[in-house]
1. Mind checking which residues of the stretch 1-25 are among the aliphatic types (A, V, I, L, M) and either modelled with pLDDT of 85 or more or not in a helix (DSSP H, G or I) (or both)?
2. Going by what's in this entry, would residue 670 be described as touching a helix residue (DSSP H, G or I) at 6+ places or on another chain (Cβ under 9 Å), of a type in the set (Asp, Glu) and open to solvent by less than 40 Å² (accessible area, probe 1.4 Å)?
3. Do any helices (runs of 4 or more DSSP H) entirely within the stretch 676-788 hold 2 or more residues that are of a type in the set (S, T, N, Q) and crowded, with 17+ Cβ neighbours inside 10 Å, and if so, which?
4. So residue 66 passes all but one of these: (1) assigned to a helix (DSSP H, G or I); (2) open to solvent by less than 30 Å² (accessible area, probe 1.4 Å); (3) farther than 26 Å from residue 180 by Cβ. Which condition number does it fail?
5. Run down 626, 585, 598, 581 and say which single residue is more than 41 Å from the chain's Cα centre (by Cα), surrounded by fewer than 18 Cβ atoms within 10 Å (Cβ to Cβ), over 27 Å from residue 654 (Cα atoms) and of a type outside the set (Ser, Thr, Tyr).
6. Exactly one of (1) of a type in the set (S, T, N, Q); (2) under 28 Å from residue 599 (Cβ atoms); (3) at pLDDT 95 or above; (4) out of contact with any strand residue (DSSP E or B) (no Cβ under 7 Å at 6 or more places or on another chain) is unmet by residue 491. Its number?
7. Just give me the residues in the stretch 88-130 being within 43 Å of the chain's Cα centre (by Cα), small (Gly, Ala, Ser) and open to solvent by 50 Å² or more (accessible area, probe 1.4 Å), in sequence order.
8. Quick check on my filter: what residues within the stretch 245-256 are within 28 Å of the chain's Cα centre (by Cα) and in a helix (DSSP H, G or I)?
Amino acid sequence: LAEVFAEDTARWQPQNIANLLWAYAKLLVTDSRLLDAVAAEAVATVDNWSYQGLANITWAYAKLGCNGHIQLFESVAAAVIQKISTFTPQNTVNVAWAYAKTMLATEALMDAVAQDVIAKARDFSPQHCSNTAWAFGTVSILNEEMMEAIQDATSRRLSEFNGQDLANMAWTCSKLVWAQPSMLEALASDMRRKVPLCTPQNVAITAWAFGYLAVANELLMESIAENVVLRIEDFGAQGLSNLAHGFAKQAICDVPAMEAIAAETARTIRDFTHQEFAATTWAFAKLGLQPRELIDVAFREMKRRMLELIPQDLAMLAWSSAHFEGDFSRRALEELSWEVMRQSTYLCPQDLANVSWAFATAGVENAMMMEAIAKETAKKVQAFSAQDLANTCWAFAKLGIAVNDMFDAIATEVVKKLSTLLPQNISIICWAFAKLGLLNDDMMEAVAAEISKRAQEFDGQGVGNIIWSFGVLCLREHKKATEAVVDRAMSTMSTLTAQEISNVAWGLSSMSHVELLSQFHSQAVKPFLAVASTADGASWTDFANITAQTRSKASDSTKLSKLYRASFFEPLLARLSALRDSSMDLEEAIRAAQHDLDATGAPYFGAAYTREALTRLGIGVPSSSDSWARGARHLCLEAIGEWQIPSSQSILAYAEWSLLMAGSAVRLSEPGRLFTSSWSQVSDEVKAMLHPFTQIIRRDMHAERVALLELLDAMIQAARQRDDSRSPSASLGLWSGHVCIYLSHFPSISSLGVFCQFMRWCPQVTLDFDFDDAWLSCCGQARIEPDG
């Protein structure tokens, strides 16, 4: 037939040609010579073709998967646009399906098809509706008027729809993001009754579609869940992935169904494509499920596939791993980090942001990978969405990684996109820059102006983040923005959390906005007390210190101070006193202190309460006239140069001592020296004598502890040289004299515990201690002059 036709195509009428090709397509027989000849003849005679012939020839080429005859499809499209009003519904549907299948559809053609569908939809069968919808979904062209016409036709004949029709309609709604509630509810209701009659593929696609639209339909998913358990082995890799995605995106956690999916996935995981594997893992993470069997198999499979995964897969697996608990999360992220670094140049902006977010959320840091991500972010930052910018800033700040080039590029982009940023994005970006101590004047000036205009849009977290950030960076010059945000805070006071109230107060205090702080504090104490039971230790301590700073005599302020003392200050002070008391078992005192630190979450007593704590612990507090303290501040100021955000790296300690060992002329003298945070070089035996406590992080490298460890080691070594028979603790008791320590910031409770342990071992040595609040001063030099 192909030879006969090719030898003399002119003898054939268009209808004969269309019928011939229809037959070949029905039988799935491809003959390139025939196809080429038909295409050439059809292009030459297209004006003579009937609507039936036009529909059949395009359908046949699409059915055979032949989309290379561009001229044929262009010629037919032009003819269809002219003649479509004469088409039957079947012809119109066939044309739409064919052009979608070959991906050769044009907007002009599909618009003509849509108009014809609108005119004839009343006569459409269920298959007409689903195939037309599928075609428009495939080419991602949404014509709402046409979809409404199809919806009307669907509602009239919904009971006649089979599983394929229902799945096609749901899939189209998801592809076009056309979430018409009445349409989706009708589809869900009918599918619910027909789930047992549907193929696994249709069930899985329907679940996926509702998930993609984030439209949770619990009754539909309940029916699907029951059916899934009964025939889980029939779904295959793609079906399992689609089911898991559907449940996760709808936030519906049907445990029996997900357990069945997990078991079957673990059994058949080698059949999954990389995308299906990543998506399924993501779904379990999203639902907070961590079936051990699946997780173990997934980890091994991830390692096996690692070099074949594309950036999107890596980003999705990183996100998933960050949400799993236990050792799996860290091991998976560590494995992924090296491949992410290798493929970093191929990561798109969203992938870069998601990977950063994942590693920061899990607290897993690979410095080389983050450096590679920072480099790519700086290059591609113009393509970052507002959410991507915020997530990236948050992630690097959470990990404490400040890459100046990247943050400069982000700052420039923030200024450009500021009007498109949500209040949440703005507050997170401000928080991140402040957390890392990065001040970009141009960005913050633009941000302050934007905040002034949009202050009423910020929620409690945004309000707290903004004022806290301004306080850290000391942005007093942006008082208009500060006032606007404080006004927002005061108008929404009843909705603020304890942390948010504390952050606003702390920020105003750090900027020395005395009048604003007084206004805010007077209204904030009662609301803080109302939510105090949920407050973390740092928020409680900061707000209690600010209350002490304001010297308010109001009854609520007095009540707050009493509650802080009863809940935090007195119990912790008692634990610290026990560390000094030699009559009490030290190991038990250390355990009890760590328990209370964990329970309260208090990292420090703050500037106001620390001075009282020192006095009650028997630690001397020098007066302003003491020369050693003035000299200490002078040396520290020379070393630090200028104000820096208080951190382990920027906080300096000064120490001097003069000691005499009893019964000898052995002296130890240090006229004054600076110490920084570092690993102490003394023996583990000596380190154990000044036990550091864990407060979020282990505080064993603090400068003041380093100084005292060096002193203890020198005391023990000197005693041993005189008498080797004494134990270290016994030899320390021989020493008398005084030790003076200055710290450029108020100490942590762990450091106070270290002081108490030192005094336990050295009962005849007096300890004087002085400090400053590094948020308000740089080694005694005021950071700013207070207003008011």
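The values are calculated or read from the model by the stated rules, or taken from the named source; none is laboratory data. All of these numbers come straight from a predicted model, not from anything done at the bench. Methodologically, a virtual Cβ is constructed for each residue, glycine included, from the backbone with ideal geometry; neighbour enumeration extends over all protein chains shown. To get the accessible areas, we keep the full protein, side chains included, count just its heavy atoms, and leave off ligands, DNA and RNA. Shrake-Rupley method; radii C 1.70, N 1.55, O 1.52, S 1.80 Å.
1. Of everything in the stretch 1-25, those that are among the aliphatic types (A, V, I, L, M) and either modelled with pLDDT of 85 or more or not in a helix (DSSP H, G or I) (or both) turn out to be 1, 17, 18, 20, 21, 23, 25.
2. For residue 670, the condition - touching a helix residue (DSSP H, G or I) at 6+ places or on another chain (Cβ under 9 Å), of a type in the set (Asp, Glu) and open to solvent by less than 40 Å² (accessible area, probe 1.4 Å) - is met.
3. By residue number, 749-761.
4. Checking residue 66 against (1) assigned to a helix (DSSP H, G or I); (2) open to solvent by less than 30 Å² (accessible area, probe 1.4 Å); (3) farther than 26 Å from residue 180 by Cβ, the one that fails is (1).
5. 585
6. Of everything listed in (1) of a type in the set (S, T, N, Q); (2) under 28 Å from residue 599 (Cβ atoms); (3) at pLDDT 95 or above; (4) out of contact with any strand residue (DSSP E or B) (no Cβ under 7 Å at 6 or more places or on another chain), residue 491 misses just condition (2).
7. Matches in the stretch 88-130: 108 only.
8. 245, 246, 247, 248, 249, 255
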